[in-house]
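*Asks:* To start, I am sharing the structure in question, which I have written as structure tokens.
The values are calculated or read from the model by the stated rules, or taken from the named source; none is laboratory data. This is a predicted model, so every value here is computed, not measured. Cβ placement follows ideal geometry from the backbone for every residue including glycine, while neighbour counts extend to all protein chains displayed.
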Amino acid sequence: MTVELKDQNMVTTHTTSKAKAVKSRLLRKKLVVSNRSGLHLRLAAVLAKMASAFDAEIHIESEHSITSAKSILGLLAINASSGKELTVTAEGHDAHAAIQKIEQFFALQLGEDESQMKTVTI
């Protein structure tokens, strides 16, 4: 039996079976690319490395595509230019921490502000 509870930022799925009960949380967060150069190669590499540090499944969605946040080429393919709204989704035991880290990265204009870049730990 599977039951899904939804709110704006989270879908909680409860699956019960004879083997065991599993609780999975799918978190969503809308973010805007504020860096004037957009999500270019260096930033995509930093973001992919950051996402890869988490066990959670993390995806980035643009209006026409979705990709793993752990894929540099996938991140480049979504063509995230300045001002573009993206939706980050994460599912897994460390999904909340992953979303927070990525949100911090976007809030710092994707690490382009040299004075704040040091606060982003990868």
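*Asks:* Residue check, L26 against (1) at pLDDT below 75; (2) more than 26 Å from S82 (Cβ to Cβ), all met but one. Which one?
*Replies:* (1)
*Asks:* List pairs: first in segment 93-108 and aromatic (F, W, Y), second in a loop (DSSP other than H, G, I, E, B), Cβ under 8 Å, 6+ apart or cross-chain?
*Replies:* Close Cβ pairs (under 8 Å, with a partner that is in a loop (DSSP other than H, G, I, E, B)) amount to F105/V120; F106/V33; F106/S34.
*Asks:* Something else about it: Could you list, in sequence order, all residues of segment 37-67 that are in a strand (DSSP E or B) and buried (at least 16 other Cβ atoms within 10 Å of the Cβ)?
*Replies:* Going residue by residue through segment 37-67, those that are in a strand (DSSP E or B) are 57-61, 66-67.
Answer for segment 37-67, where residues must be in a strand (DSSP E or B) and buried (at least 16 other Cβ atoms within 10 Å of the Cβ): E57, I58, H59, I60, E61, T67.
*Asks:* Something else: Just for segment 73-100: of the residues that are hydrophobic (A, V, I, L, M, F, W, C) and under 13 Å from the mean Cα position of the chain (by Cα), which one is surrounded by the fewest Cβ atoms within 10 Å (Cβ to Cβ)? First the steps, then the outcome.
*Replies:* Here is the first cut: in segment 73-100, the residues hydrophobic (A, V, I, L, M, F, W, C) are 73, 75-78, 80, 86, 88, 90, 95, 97-99.
In the following step, the residues that additionally are under 13 Å from the mean Cα position of the chain (by Cα) were identified as 75, 86, 88, 90, 95, 97-99.
Details: L75: 25, L86: 21, V88: 21, A90: 25, A95: 21, A97: 15, A98: 25, I99: 22.
The residue in question is A97.
*Asks:* Follow-up. Is it the case, given these coordinates, that S71 is at pLDDT 95 or above, of a type in the set (S, T, N, Q), farther than 17 Å from R25 by Cβ and in contact with a Lys or Arg (Cβ under 7 Å, 6 or more places away or on another chain)? Outline the logic, then answer.
*Replies:* Values: at pLDDT 95 or above: yes; of a type in the set (S, T, N, Q): yes; farther than 17 Å from R25 by Cβ: yes; in contact with a Lys or Arg (Cβ under 7 Å, 6 or more places away or on another chain): no.
No: the conditions fail for S71.
*Asks:* I've got another one for you. Could you grab me the full set of residues in segment 40-57 that are under 15 Å from I78 (Cα atoms) and touching an Asp or Glu at 6+ places or on another chain (Cβ under 8 Å)?
*Replies:* L43
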